Amino acid sequence: MNKADNNIVLAKPSGITLEQHNKDVVKESLSICQVLPASLSKYSKMVGKNLTNLLCASAEWHDEGKKHNKWQTACWKDYQNYKVWKTKNPEGNFLKYSKECHDEAGENLRKNNFRHEMESLRIVVPQGDLFMSQKVAIAAHHSKLGHRYEDKWEACEAYRSIWIEFRRTSSSITHKKDFSLLCSAHIEYDAIRGLLQLADHRASAKEETENISCLEPFSYTFPYTQKRGVQIIVEDNWKKDLLLLRAPTGAGKTDAALLWASKQIKAQRADRLIFAMPTRFTANAISVNVSKELGQTGLYHSSAWSAISDRVKNNEISLSDALNQHKMARCLLSPITVCTIDHLLMSLTMTREDHHLISYNLANSCVVIDEADFYDDFTLANIQYLLKVLHEWKVPVLIMSASLPDSSLSLYQNTGYKIDSILEDSHDVNNIRKRFEIKDIIDYNEFKDIDPLINKCFERGNGILYMNTVDSAIALYKHICNDKKRTKEEIDNIHLYHSRFAEPDKLKKEEKIIKALGKKAWDEGTAKGIVIMTQIGEMSINISSEIMISELCPIDRMIQRTGRLCRFSDNIGMLYILTPYRNKTIYPAPYGTLEKNCWKPSKAFLMTKDVLQLKSYSSDDMTILLNDVYKENFEFSSEAKSNVRELEKMFEYNWLICPRDVSDEDDVESKEWRSRNIVYQDDVFVCPPPTHQFRNYSEFLEYKLLYAISLPEYLVIKGKTKLNRIDSGYEVKIGKNSIIRLNVVRAGFYDDQKGLDLTSDEEDNFL
């Protein structure tokens, strides 16, 4: 190719022509639409237009502005530089060139600072052939439709008039305060906006011979010859828009959810399945279980890349495949995506350009919200708003939990969905079978008070010990390990599991614990070991023991814990409950409020203490207690109400134009809004980085995901000052200019057995 060839119009410095690139994007648009039949149908019903036609037309026009002489001149210069490199590297492509010669590749286009998408609109708008949703898609396909780029839109009169039109369109919906209209506008605009970006990125990647994940359809075949009670229930009720399902642990809820989803997708009520979990740990666990059966399952949360990168290091998957899977999961494009509820909530803020694609894919999925009771009132208020949005988007929803009280029904009835009851299998004999016996309820001040119970675990050869705080769990572990009566073999069979482990060590812990007390170990008769856990082990890890020692906690949490007693057998487990005291005062942390350095127990904590008796319990028995403790209808705090109003505002005001303040990729909060009612968190690194210089933020992020632990800010401060276990002056450079200071744990206060040890005698160190 030669610049003198006036008929040749380049699309990229790689030499691909505009004509070819447009054809590739249209082809990719058609390919995407073919695997999204439910999306096409819903768009037609809600918007009254043909999504495929709108998307393909947008694809044909999206790069029209690249014909401008200013853009072509710069592109040709970059293309010539690439050709020079190519003569020396005949086997290389533009992707390799970009990596090797980052500053040079595309340099002229960057310096040129010519926004071709704005020019595309200048050309297209006078023709009047495109709908506003298509114009928005063209404007946004390089993430420049935002208030941060207002100066670029104001650069010339033609662009300014288009910008004014966008602002006017945005205000016309926002100011009407019509929730149904707003949700419909999201569907109409986000569809073309998000899918055009997707088609453009995928086409460009294929042009550079990059490895791109296939957009596969959801597929599931029920693997058993006979269906269990909960599975029959969801099959009989799958046409209902919202199902509330209560079932004990081990009842087959995961396969019930997959069976339910298969019905939704077959009926073209959805294209994808989303599992929304309460924590990263529960997300990891369900992702592993599902992927073993179904293959391509996406996992996305703040530390998901750590688990994926481990597979890369173990040569189980290539780096490019791993990156693609990670991106697919983030955008909810995998046939099944497992994520935290926070990811779905954050997408409603519209504080990043990709939130438009994420929310559109959410609108065309069926959603399972698992362990729905495991949230504070901030999150529950946010979930209620999310459900109001999903109802408008006609999204089928299945909500499941082993500890869902009857009183929670009103929470979900106030979302637009029609629902009159919580479904459960009343005929399951497992629900009436006695699953465990409370052998004793003991008040204790010191660990030596419970040494006889710990001895019972060693005599039995297995046991699970639940402590309410990380500090208590670490202190108990040290107490047992320091007992001179214990043999090395006994100490080697003690496993500590809590949230203050770095991700690689946490994964190793999970593997060891499952190997010790998981189903395979029990089936093979090799189960052996004692596990000390906090709340993260209530749902996220599939293990069992014959004996359990648990600190007192609210009844819903106790139901989750006791689900790990004789989980894989019909035996009756033994439960010992410890009521913690400090200075002759009950110590309920974290189940209460901290007032003047003194913990005040929650109502649920005290009521649970009153209702538990020395007797045997079935699942049905525990449900009765659950409803006794939580018999009052749930009411949100004023703080939760105020917080969710901020989410509502962002969904309203950011629906078309991205705000100035853009969130980071894995944020779960903005300046005004939080997904959960948690104190501000800060990162603490368990070891110094191997270098003081990171090439870019991505390289630093990989290090952070592997070696950082998120802690409440007050605890970080305490670790620095009172405990003198954290240093804050470790300086690193990211890229050429950015310098940040890291909090790094001092030697001796972190290891892969105990995790980060911040134990002290003070009563406020509880998280």
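Below, the figures for the structure above:
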quantity	calculated
Residues being touching a residue at least 12 places away in the same chain (Cβ under 8 Å) and either over 27 Å from ASN696 (Cα atoms) or among the hydrophobic types (A, V, I, L, M, F, W, C) (or both) - total across the stretch 84-97	3
Residue list for the stretch 98-126, filter: without any contact (Cβ under 8 Å) to a residue 24 or more places away in the chain and either surrounded by 15 or more Cβ atoms within 10 Å (Cβ to Cβ) or assigned to a loop (DSSP other than H, G, I, E, B) (or both)	SER98, CYS101, HIS102, ASP103, GLU104, ASN113
Qualifying residue in the stretch 408-424 (condition: within 22 Å of LYS253 (Cα to Cα), of a type in the set (Gly, Ala, Ser) and buried (at least 19 other Cβ atoms within 10 Å of the Cβ))	yes
Residue that is surrounded by the most Cβ atoms within 10 Å (Cβ to Cβ), among those in the stretch 143-161 that are within 17 Å of MET132 (Cα to Cα) and of a type in the set (Phe, Trp, Tyr)	TRP153
Residue check, LEU594 in the same structural domain as SER619 (by TED's automatic domain parsing), touching a residue at least 12 places away in the same chain (Cβ under 8 Å) and either in contact with a Lys or Arg (Cβ under 6 Å, 6 or more places away or on another chain) or crowded, with 20+ Cβ neighbours inside 10 Å (or both)	no
Subset of the stretch 464-511 [in contact (Cβ under 8 Å) with a residue 40 or more places away in the chain, of a type in the set (Val, Ile, Thr) and in a loop (DSSP other than H, G, I, E, B)]	THR469
Verdict on HIS142 being more than 27 Å from THR52 (Cα to Cα), under 34 Å from the mean Cα position of the chain (by Cα) and not aromatic (Phe, Trp, Tyr)	no
Top-ranked residue in the stretch 597-624 [being in a helix (DSSP H, G or I) and among the small types (Gly, Ala, Ser); ranked as surrounded by the fewest Cβ atoms within 10 Å (Cβ to Cβ)]	ALA604
Sole exception among (1) modelled with pLDDT under 95; (2) within 16 Å of ASP63 (Cα to Cα) for LYS152, by number	(2)
Qualifying residue in the stretch 335-349 (condition: in a helix (DSSP H, G or I), more than 15 Å from the chain's Cα centre (by Cα) and touching a residue at least 40 places away in the same chain (Cβ under 8 Å))	no
Qualifying residue in the stretch 678-692 (condition: closer than 29 Å to THR562 by Cβ and in contact (Cβ under 8 Å) with a residue 12 or more places away in the chain)	yes
Yes/no for LEU242 being under 30 Å from LEU18 (Cα atoms) and either at pLDDT 95 or above or surrounded by fewer than 18 Cβ atoms within 10 Å (Cβ to Cβ) (or both)	no
Extreme residue, nearest to ASP63 (Cα to Cα), among residues of the stretch 198-244 that are within 26 Å of the chain's Cα centre (by Cα) and acidic (Asp, Glu)	ASP200
Residue in the stretch 42-53 that is in contact (Cβ under 8 Å) with a residue 12 or more places away in the chain, out of contact with any helix residue (DSSP H, G or I) (no Cβ under 6 Å at 6 or more places or on another chain) and not basic (Lys, Arg) present	no
Top-ranked residue in the stretch 650-678 [being of a type in the set (D, E, K, R) and over 22 Å from the mean Cα position of the chain (by Cα); ranked as farthest from ILE173 (Cα to Cα)]	ARG660
LEU656 vs. criteria touching a residue at least 60 places away in the same chain (Cβ under 8 Å), crowded, with 16+ Cβ neighbours inside 10 Å and farther than 28 Å from SER642 by Cβ	no
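The values are calculated or read from the model by the stated rules, or taken from the named source; none is laboratory data. Computed from a predicted structure; not experimentally measured. Reconstructed Cβ throughout: ideal geometry from the backbone, glycine too, with neighbour counts over all protein chains shown.
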